[in-house]
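All remarks here apply to the structure that follows.
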C-alpha cells in the first residue's frame, strides 16, 4: 500500500473517531416526564351579577375513579388553594373520573368506599334536593381514555346541581310578598345529570313554602334553590298584598326544573287583572372560572 495514501485516509478518519469518542463521554439526557393532572374548574355563567355570595364556595372535594365499570379509588382533596385552582395528579390514565364537591351530609363516603360499586349504580346515586341553600353540590366527569396520553392537563368542569329562583316585582303600585310556595316539589334528585330521566321513579314530593318574616317589596334573587326534577304537577303560589289587598296568585310551572338554571318569577299588574308571569332565564355556560375555596 502506498504510505502517502494510507496516511491521508487516516487523517480523514481522525475527526470521525474523535467525535465518536467525545459523544461517548457525554451522558444522554433522559426525556422529561410530565405527570398529567386533572384541572378542576367551575362552569362560569354569562352576564354580570348572576353569582350570589356563597354560590361559588367549595367546602369539600372528592374524586372517584372507575375502571371497567367498577369503582377502584376514592380520594378526598383539600379545598385550600392560594389561587383558586385545583390541579390533581392523575395516577391512572384510563377509565372515568368523577368529581363532586359539597357533598358533606349528602354522601356517606366511608360506607361508599366499602361497597363494590358499579359505575351504573354510581350514576343512579341520589341526594336530598328538596330545599337547598348555598353552597350547593357540584358534579362533573371526564373519560380518561378519550384523552391523549401525552396531554399534561385534563380539564374537568363542574356544574351545580341546583336551580335558582329569583323574584321580580313589576307592579305600578305597592306590593309586599308574604310567602312563596312551589307545590309538589321533588325532595331528592340525581347526583349527576340524567338526560333520560330527571327524577327517580320513587321520589317523594311535597310543597316547599317560604314564609317571609319581613315581606319582600323589591326584586330578590335566590329566594329558593331546588334540585333538578321532572315536572309532575308543579304549581307556583304567591301570597302578596298589592295596593292594600291580599292576593293569592297561582300558576302551573311550565317544563322541567333543570340544574344550573335560573328561573325568574315576575309579579305583574295591569289594568285588566293581576297575573303571575314565569320567565325562564338559563344560566348559560361561558368559559371556566376558578373555584372559590372556603375562607379559612
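For residue 157, state whether it is under 29 Å from residue 53 (Cβ atoms), buried (at least 18 other Cβ atoms within 10 Å of the Cβ) and assigned by TED's automatic domain parsing to the domain that holds residue 264. So residue 157 fails the test. Number of residues in region 96-118 that are outside any loop (DSSP other than H, G, I, E, B) and touching a strand residue (DSSP E or B) at 6+ places or on another chain (Cβ under 7 Å): the value is 10.
The residues on offer are 62, 77, and the sole one that is touching a helix residue (DSSP H, G or I) at 6+ places or on another chain (Cβ under 8 Å) and either modelled with pLDDT of 80 or more or crowded, with 16+ Cβ neighbours inside 10 Å (or both) is 62. The selection criterion, being in contact with a strand residue (DSSP E or B) (Cβ under 8 Å, 6 or more places away or on another chain), in a strand (DSSP E or B) and modelled with pLDDT of 75 or more, does not hold for residue 52. Meeting the requirement of 1 or more residues that are modelled with pLDDT of 90 or more and under 17 Å from residue 165 (Cβ atoms), the strands (runs of 3 or more DSSP E) wholly within region 180-296 are 188-190, 205-216, 220-227, 235-242.
The values are calculated or read from the model by the stated rules, or taken from the named source; none is laboratory data. Keep in mind it's a predicted model, so treat the numbers as computed, not measured. All Cβ positions, even for glycine, are placed from backbone atoms using ideal geometry, and neighbour counts span all protein chains on display.
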